[in-house]
1. Does segment 32-114 come out rounded, prolate or oblate by the C-alpha gyration tensor, with a ≥ b ≥ c the root eigenvalues, rounded set by a/c under 1.5 and, if not, prolate when a/b is larger than b/c and oblate if not?
2. For the chain, give me the percentage of DSSP beta bridges that are antiparallel, rounded to the nearest 5 percent.
3. Between N68 and R23, with labels modelled 7 Å along Cα→Cβ, what's the label distance in nm to one decimal, could you check?
4. Using a Förster distance of 25 Å, how high is the FRET efficiency between I89 and R149, based on the Cβ-Cβ distance and rounded to 0.05?
5. At a 1.4 Å probe radius, which order do R92, R167 fall into by accessible area, largest first?
6. Could you please state how large a percent of the accessible area of segment 28-186 is carbon and sulfur, counting protein chains only and using a 1.4 Å probe?
7. Just the accessible area per residue of the chain, please: how many Å² with a 1.4 Å probe?
8. How much length would be gained if the chain were fully extended between D183 and Q128, taking 0.36 nm per residue of separation minus their Cα-Cα distance, in nm to one decimal?
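The values are calculated or read from the model by the stated rules, or taken from the named source; none is laboratory data. Not measured: the values here are computed from a predicted model. Cβ placement follows ideal geometry from the backbone for every residue including glycine, while neighbour counts extend to all protein chains displayed. These accessible areas exclude ligands, DNA and RNA; they are computed on the full protein's heavy atoms, side chains included. Shrake-Rupley method; radii C 1.70, N 1.55, O 1.52, S 1.80 Å.
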Amino acid sequence: MTTLTTMPAVDTRQLILREIEVRDAAAFCGFMMQDAYQRHIAMRLSSEAEVKAFVTRSVARQGDDRRNVFHLAAEEKYSAEAVGDGFLIMQRPRILEIGWGVHPAMWRMGFGTEIGQALLGLAFERLQADRVWCKVMSANAASVSLARRIGLKHTQSRSDYPAGGGRLSSVEIFGLTAEEYFDLPY
């Protein structure tokens, strides 16, 4: 697997998916603490201080050639503001978990699809993953549809997945191999 100290930015139709910057903290606070956003994620940040600490940790990891976690900001081109986020986590050699989130005010605008497609490209084309997977809260119908739309295949359902903070959640697990990714239509 390729080792990257920084993740290159990805330019999509509406977004620039790039490494998180300190200036993203305010925008992240604007959506990461909303109930509509939090009900569909495992890592819940409950205060402005927690969001700022998350941003600070993410920025501090950049440039470390041992890092296995890449948190990215999804910057909307028109406003130049972070309207979403994504992550790639190298869990085992050549196996990556991906995930995405979008400001609730920006749902149904195609941002999630653009983030998901960019994450797949980074995982397979930059990090040379053999397999990528994601977990989606079962109640999050939009992200379940998004996972399928970007080519991920449903592999299992779990009703007892550890979701952080001692919570267990019902999740859908999706996956995609490198061979399947490179066979997807453009």
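1. It comes out prolate by the Cα gyration axes.
2. Beta bridges within the chain, antiparallel portion: roughly 90 percent.
3. 3.3
4. The formula returns an efficiency of 0.70 here.
5. R92, R167
6. Looking at segment 28-186 in its full context, I get 51 percent from C and S.
7. With the other protein chains kept in place, the chain gives 50 Å² per residue.
8. Using 0.36 nm per residue and subtracting the Cα-Cα distance, I get 18.3 nm.
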